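Working notes, structure below.
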Amino acid sequence: MSTINMIHIENLTYEYPDGYPALRGVTLNVEKGMRMALAGKNGAGKSTLLLHIAGLLDGEGVIEVAGLRRSPKTIAAIRNRIGFLFSQVEYQFIMPDVLNDVMLGVSKKQPPADDASAAAMEWLRRFDIEKYARRNPLDLSSGEMKRAALAGIMSGEPDILLMDEPLNNLDRENSQVLVNLLRDQDTTMLFSTHRDFLVTELATHCAVMEEGRITMVLTGNEFKKSRALRDLVF
Amino acid sequence: MFAAFSLVSGYIIGDVRVHDSIILALKIILIFNIFLGGMQWIGTGGYMYLLNRIPSVRVRLFFLLLGNNMLRIMRNNREIVRQIRSRITLTGKNRLIIARYYFQNMLFKELYSMQHSHGALVLRLGESVSCHEYERNVRPLDFILFASVAGYCAAGAMMLCL
């Protein structure tokens, strides 16, 4: 059976302006429907890799997203197909209230204004934050803020969801809520994490990063079974 | 902070203009307060109503980001003040150190947020930015607030003319 690569990266290298080599020849394939975790220590290059896929950094190598090879001509089309949940979500809100922020995603599909607000409310209901529709997202708690940001992203129905430390600042209960919500989405996902819990509960695959390289890619089951490997990574 | 930068750059080029820097700081505070006071007065509903009436998407976005940044600066301000107060005792000479750390922190936070905000903008924005309009309820208290903001601005304007 043939598989569709939603993300294809080949020999990607990148150095930060201070000369620190963040990525040293990363090669990775993420197939449609996969939920792949990027696990590894601080400074392994996980966030840098995600920023490259979203077109926010520009290293050397091949990056293909949803069949589009990254170039100045295709970058806008690629970004339209990607949703990105930043590790510090408070910086990704654009509108002064939650409803209007979620509407930003909906309006990418250009529906009439009334339909857009109804669709945005539906997304808020799905993420159980409809009661905060008129609140400023910066006034919400960490868990609610994370859900509001995710609703804003998912309302644009991206083909690929990139998440940088999605459980950052969340307690166990809120982490479980977020994982349940993510599990209900059929989007292809690639996310960086330091939490064993997220890999075992959400990931179908896990790529391990060390010093700017992908050192191994395992299925979720392989990862769950290998206690030694989990101890090594987390 | 901008006034401090203006003083520092004045010092570097050997032309310190304290008076101009103070005027600059006052103008910034004035604009900041007019904008925030206005937002408080008309509420999110009124703000959205006004934004939707701006024909240019770029100008609409400019005002959205301006409002967002002001709220973020206020939030950062609270956070930085708490962080500094938790580490430094507020006595005598320490007050000068506080000012130094405050500017550093604020600047780095702003640079960090700019990087993320830019990412969010290029990834999240579509062709247009249209806002959902709520009903506008302007209550007597809103008028009082607006009147006090206007009075404050008038006083500020008078000071600038002195």
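Find how much the distance from B:Leu50 to B:Glu110 grows on full extension, using 0.36 nm per residue of separation minus their present alpha carbon separation; answer in nm with one decimal. Please list the in-between numbers first.
Working: separation 60, 0.36 × 60 = 21.60 nm, distance 2.71 nm.
Result: 18.9 nm gained on full extension.
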From fewest to most C-beta neighbours within 10 Å, the residues B:Trp41, A:Trp123 line up as B:Trp41, A:Trp123
Kirkwood Rh for the protein assembly as shown from C-alpha pairs, in Å, is 23.4
A correct Karplus calculation of ³J(HN,Hα) over the stretch A:195-204, with 6.51 cos²θ - 1.76 cosθ + 1.60, θ = phi - 60°, whole Hz and x for Gly and Pro, returns 9, 3, 3, 5, 5, 5, 8, 10, 6, 8
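Do any chymotrypsin sites (Phe, Trp or Tyr not before Pro) in the stretch B:54-121 lie in a DSSP loop with no more than 10 other beta carbon atoms within 10 Å, and if so, which?
On the way: sites: B:Phe62, B:Phe63, B:Tyr101, B:Tyr102, B:Phe103, B:Phe108, B:Tyr112; in loops: none.
For chymotrypsin sites (Phe, Trp or Tyr not before Pro) across the stretch B:54-121 that sit outside H, G, I, E and B with at most 10 neighbouring Cβ atoms in 10 Å, the list is empty.
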With the dipole of the protein assembly as shown defined by +1 on each Lys or Arg Cβ and -1 on each Asp or Glu Cβ, the option from A:Leu68, B:Ile80, A:Phe223 whose Cα lies farthest towards the positive pole is B:Ile80
For the stretch B:18-30, in residue order, the Karplus 3J(HN,Hα) values (coefficients 6.51, -1.76, 1.60; θ = phi - 60°; whole Hz; Gly and Pro = x) are 4, 4, 4, 5, 5, 4, 4, 4, 5, 4, 5, 4, 4
Here the stretch A:7-12 yields Karplus 3J(HN,Hα) values (6.51, -1.76, 1.60; θ = phi - 60°; whole Hz; Gly and Pro given as x) of 10, 10, 10, 10, 6, 7
Per GNM of chain A with C-alpha springs under 10 angstrom, the most fluctuating residue out of A:Ser71, A:Ser175, A:Ser155 is A:Ser71
Non-local residues with an amide H under 5 Å from the amide H of A:Gly40, with H modelled 1.01 Å from N and Pro and chain starts lacking one, are A:Thr193, A:Met209
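Per residue and in cubic angstrom, what volume does the convex hull of the Cα atoms of the stretch A:169-215 have?
Values: hull volume 4.2 nm³, N = 47.
Each residue corresponds to 90 Å³ of Cα convex hull volume.
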Sorted by chain and then number, the residues having a modelled amide H within less than 5 Å of the amide H of A:Glu15, at least 5 places away or on another chain, are A:Ala22
Taking the dipole of the protein assembly as shown about the Cα centre (Lys, Arg +1; Asp, Glu -1; charges at Cβ), the one of B:Ala99, B:Leu123, B:Val149 that reaches farthest to the positive side is B:Ala99
Each label sits 7 Å from Cα toward the beta-carbon; between B:Ala99 and B:Glu127 the label points are separated, in nm, by 5.3
Chain A, Gaussian network, Cα under 10 Å: of A:Glu173, A:Glu64, A:Glu211, the residue fluctuating most is A:Glu173
Summing -39500 (n - 2.57) over every DSSP H run of at least 4 residues in chain A and dividing by its residue count gives a helix-only mean residue ellipticity at 222 nm, to the nearest 500 deg cm²/dmol, of -10000 deg cm²/dmol
Length gained, A:Arg81-A:Asp115, 0.36 nm per residue minus C-alpha separation, equals 10.1 nm
Check: in chain A the Lys pairs 8 or more apart or on separate chains whose Cα atoms fall under 28 Å apart number 23
The stretch B:1-80: spread of alpha-carbon positions along the three principal axes, whole Å, largest first, is 47, 31, 17
Mean-square fluctuation maximum in Gaussian network of chain A, Cα pairs under 10 Å, restricted to A:Leu178, A:Leu170, A:Leu161, hits A:Leu170
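Do me a favour and compute the ellipsoid semi-axes for the stretch A:32-151 from its Cα gyration tensor, root of five times each eigenvalue, largest one first, whole Å. Intermediate values should be presented prior to the final figure.
On the way: eigenvalues 163, 73, 30 Å².
Gyration-tensor ellipsoid for the stretch A:32-151: 29, 19, 12 Å.
What's the whole-number percent of alpha carbon pairs in chain A lying beyond 31 angstrom? Walk me through the numbers before you get to the answer.
Details: 5911 of 27261 pairs.
Percent of Cα pairs beyond 31 Å in chain A: 22.
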Under 5 Å from the placed amide H of A:Ile214, counting only residues 5+ away or on other chains, we find A:Thr27
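Read-outs throughout are calculated quantities, based only on the coordinates presented, and are distinct from any laboratory measurement. Note that the structure is a prediction, hence the values are computed from the model and not measured. Ideal geometry is used to build each Cβ from the backbone, glycine not excepted, and the neighbour counts take in all protein chains shown.
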